[in-house]
Amino acid sequence: DIQMTQSPSSLSASVGDRVTITCRASQGIRNDLGWHQQKPGKAPKRLIYAASSLQSGVPSRFSGSGSGTEFTLTITSLQPEDFATYYCLQHNNYPRTFGQGTKVEIK
Amino acid sequence: EVQLVESGGGLVQPGGSLRLSCAASGFTFSNYDMNWVRQAPGKGLEWISYISSNTDVIYYADSVKGRFTISRDNAKNSLYLQMNSLRTEDTAVYYCARNKWIDYWGQGTLVTVSS
């Protein structure tokens, strides 16, 4: 199975900050990775697909990068509605595997 | 607009069974692969099963293999998860999710396994 190691597990940030979350795959997965945002009590929502493509309707302050084993989600200028938990998901192989999640909290 | 609506969750005793449904609308269901993903209370997301658009390919996570069965009815635009021999550790919100790479999620249905 492909292990997805996500870091940090949580972070505190202020509105306007730049935030970076990293996912590392245990083996190369090309760019077969998505980033999903989940707010408390709600279903997840995909933000990024193919590692770096922005889902339609998602604000441009979200961006993704990486390929192979190292991937990054960046939020420039954090907004109040961005406080949530973020997960990476690899779709290179089965079983599909998620990162452990990163909870972004208000400082 | 893509909509996925799960139903069928509830309270069940250990060893019991439950069947979840996911009603799809807003897209041509028969053209899309589908998944079930679950989330235990306070925990992260866990993929548990996949079914291809024409049902010829099915995968399960080891944690549910032999106990859960995924199926679909393209004529009814519906996805199903038959869950047998339920354990307390199966307690979770269960989401249906569209596509091999998961692009849309349902709102989830809560399954509680407890005596």
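Within segment A:68-107, which residues have the backbone N less than 11 Å from the label spot 7 Å out from B:Ser63 along Cα→beta-carbon, could you tell me? Answer for this model: A:98.
Using a Gaussian network model of chain B in which every pair of alpha carbons under 10 angstrom is joined by a spring, one finds that among B:Ser21, B:Ser71, B:Ser63 the greatest mean-square fluctuation is at B:Ser63. Here the accessible area of chain A is 44 percent carbon and sulfur, with a 1.4 angstrom probe and all protein chains present. Seen from every direction in turn and averaged, the convex hull around the alpha carbons of chain B projects onto 6.6 nm². Loop-resident trypsin sites (Lys or Arg not before Pro) (DSSP state other than H, G, I, E or B) in segment A:16-54 with no more than 11 further Cβ atoms inside 10 Å of their Cβ: A:Arg18.
For the protein assembly as shown, the number of Lys pairs with C-alpha atoms closer than 21 Å, counting only pairs eight or more positions apart or on separate chains, is 12.
Taking N as the residue count of segment B:55-115, its C-alpha radius of gyration divided by 2.2 N^0.38 Å amounts to 1.20. If I compute solvent accessible area with a 1.4 Å probe over the protein chains, what percent of it on chain B is carbon and sulfur? Accessible surface attributable to carbon and sulfur in chain B totals 46 percent.
GNM remark for chain A: springs join alpha carbons under 10 Å apart, and the peak mean-square fluctuation among A:Leu54, A:Leu89, A:Leu11 falls on A:Leu11. Remark on segment A:18-36: accessible area falls by at least 30 square angstrom from chain-alone to full-complex state for A:His36, probe 1.4 angstrom.
With Cα atoms defining each centre, segment A:71-107 and segment B:47-100 are spaced 24 Å apart in the structure. In segment B:88-106, burial by the other protein chains removes 30 Å² or more of 1.4 Å probe accessible surface, compared with the chain on its own, from B:Tyr95, B:Lys100, B:Trp101, B:Ile102, B:Asp103, B:Trp105.
Over the protein assembly as shown, with the other protein chains present, what is the accessible area per residue in square angstrom, probe 1.4 angstrom? I get 45 Å² per residue for this part. Taking amide hydrogens as placed 1.01 Å from N in the peptide plane, the amide H of A:Ile48 sits under 5 Å from those of A:Trp35, A:Gln55, each at least 5 positions away in sequence or on another chain. Modelled this way, with points 7 Å down the Cα-to-C-beta line, the labels at A:Lys42 and A:Thr76 are 2.3 nm from one another.
Inter-chain neighbour count for A:96-107: the average number of beta-carbon atoms from partner chains within 10 Å of each residue's beta-carbon is 3. Between the amide H of B:Asn99 and those of B:Asp33, B:Met34, B:Asn35, distances stay under 5 Å, these residues lying 5 or more places away or on another chain, with hydrogens modeled in the peptide plane. Fraction of C-alpha pairs exceeding 24 angstrom in chain A: 16 percent, rounded to a whole number. Heavy-atom accessible area buried between chains B and A is around 1400 Å² (1.4 Å probe, both sides summed).
The values are calculated or read from the model by the stated rules, or taken from the named source; none is laboratory data. None of these values were measured; they are calculated from a predicted model. In this analysis, Cβ positions are derived from the backbone assuming ideal geometry, glycine residues included, and neighbour counts consider all displayed protein chains. To get the accessible areas, we keep the full protein, side chains included, count just its heavy atoms, and leave off ligands, DNA and RNA. Shrake-Rupley method; radii C 1.70, N 1.55, O 1.52, S 1.80 Å.
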